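Undergrad: Structure provided below as structure tokens; questions to follow.
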Amino acid sequence: HCVTQLLKITASRCRALRRSPVKPRPPRRRQAGATTPTPRRTGRCTAQPAPLPWPPPRFPSARFPSGLGESRRRRDAQRGGRTFPHSDDSLFVYDCINAEKKTLGNKGQDGKPTDKGSDDILAFAFSPSGDYFALTDDSKRLILFHTKPSWECVSIRSVSRRCTSLIITAAEDKILIADKSGDVYSYSITEPQADGKLELGHLSLLLDVTLSPDDQYILTADRDEKIRVSLAKAPHNIVSYCLGHKEFVSKILVIPNYPDLLLSASGDSTLRLWEYKSGEEVYCCHLSSICGPETTKTDQKYPVSRITYCCQGGYVAVLCDGIPTVYIFQLDAIAQQLVYRQQISLKHKVWDIAFEETGDLWILEEDSEAPLQLYRPCDGQWKPVTDDKGLQKMSKYLQDNWTVFEGFVGAESHYSSLYKASFDNMAAYLQRKEERLQQQKKKRQDLQCGSNGQTKKMKTEESLL
């Protein structure tokens, strides 16, 4: 099984509920002969970590509020996640159970697929503008939605293998999907019924895929400690490898406002900064030196399950699997290092974290009474907020639909299955070797004694003759 991705909390517009309504301006009258300027796409400083998606969630459906903006939709539409916001105080409901089955699995003698998957969502992503939303499920389906002006299912396509991560390009023309067999496929958005195209492949399970902000590079991370950088236009052309991790690479993130830097996290309990185009490691942070006092186990491992980034201030929030603490760092881009700033200790297991563009930090906990926490920066420290209207409304929706999350409450970590097993069989080998040497020595002694006895017998017989 794979590692679970829970509720995605990238709430870059979660302050929408705290803003007063603005009256729309009347449209301008265009003068005769005037030309309409071409709209200019503006970049967004929002971190886009690819989800770590398995094992798939096992919940029926979820119902969450609407009118919270594109990034709040990104946060809410997950985990049994067949329900998405549609308009103010209404819900757009899409149930994967009722979606068209197009699984390309092996068929048995009766002609039915032998590989029957569930309808649980494995991975999802919004496009940078929020106009598109894509998800894949355990039945090997890729489902594409158009979100504006209202939610609409555009296409349902089949994928070759179960997906582990996906991302939509900045140009919003392709969806890149990484699967458990180590391949990356691209699916067209402009041609929503077209089949997928194989872009590149690894020899190991892929755990994450991301893109550079200009769509020029595809970055992939696998279970065999490797980060590969490939040209997007010619993925067979490998630009570099970022090598240095000792265990599986769970998360990779290209820093949005420093597009030449890559942040990676691994099961070896380290965060590393890279100049990924050259494959050079510029900084390494050992989480055990920071997280150590929070745990009692001497052999504790700290696999990073979530990374979120805030461009305003260059803050990085990190969540380690199984540890109810959020660690906050600040990126020093000039010195190319991470500076530890704060840790937020919580009472319950943390499922997910995300920054707003303003620096507010949202935390989703394994607590039915207070599932959502909001921390706001004040004098360089993040402090809890309780009187926020958006927080109160979202918490109410989560509490009313807590049955969606009950199946995951108390679940054990699934990262342990990604660690490579090691065997210390040297002592047993040396013991067996010593036994073989003793047996060989004994045989030689027996042969020598037998030959000596035979020689004496022959001499006795000769003397008698």
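Undergrad: Output the pairs from LYS301/LYS420; LYS148/LYS180; LYS180/LYS251; LYS251/LYS301; LYS140/LYS251; LYS246/LYS420 with a Cα-Cα distance over 21 Å in this structure; if there are none, say none.
TA: Violating the 21 Å Cα-Cα cut-off are LYS148/LYS180; LYS140/LYS251.
Undergrad: Any idea of SER413's accessible area? Nearest 10 Å², probe 1.4 Å.
TA: Using a 1.4 Å probe on the heavy atoms, I get roughly 50 Å².
Undergrad: How do ASP332, ASP352 rank by accessible surface area computed with a 1.4 Å probe, from largest to smallest? Walk me through the numbers on the way to the answer.
TA: On the way: ASP332 55, ASP352 0 Å².
The ordering from most to least exposed comes out as ASP332, ASP352.
Undergrad: Using amide H atoms built in the peptide plane, which far-off residues or other-chain residues are under 5 Å from ASP137 H to H?
TA: LEU122
Undergrad: May I ask you to evaluate 6.51 cos²θ - 1.76 cosθ + 1.60, the Karplus curve with θ = phi - 60°, for each residue of the range 370-378 and list the ³J(HN,Hα) values in order in whole Hz, giving x for glycine and proline?
TA: 9, x, 10, 10, 10, 10, 10, x, 8
Undergrad: Normalised by the number of residues in the range 207-278, what is the relative contact order in percent for Cα pairs under 8 Å and 6+ residues apart? The partial results should precede the final answer.
TA: Details: 177 pairs, mean separation 18.7, N = 72.
Reported relative contact order: 26 percent.
Undergrad: log10 I(q)/I(0), Debye, Cα-only the range 363-405, no solvent, q = 0.18, 0.29, 0.33 Å⁻¹?
TA: -0.53, -1.02, -1.18
Undergrad: Once you have the Cα-Cα distance between HIS286 and ASP446, take 0.36 nm times their residue separation minus that, and quote the gain in nm to one decimal. Kindly include the intermediate steps, with their values, before the conclusion.
TA: On the way: separation 160, 0.36 × 160 = 57.60 nm, distance 5.97 nm.
Between HIS286 and ASP446, full extension yields an extra 51.6 nm.
Undergrad: Now for a separate question. What does the accessible area of HIS414 come to, in Å² to the nearest 10, when a probe of 1.4 Å is used?
TA: Probe radius 1.4 Å; accessible area of HIS414 about 60 Å².
The values are calculated or read from the model by the stated rules, or taken from the named source; none is laboratory data. Predicted, not measured: the structure shown is a model, and the values here were computed from it. Only protein heavy atoms, including side chains, enter the accessible area calculation; ligands, DNA and RNA are left aside. Shrake-Rupley method; radii C 1.70, N 1.55, O 1.52, S 1.80 Å.
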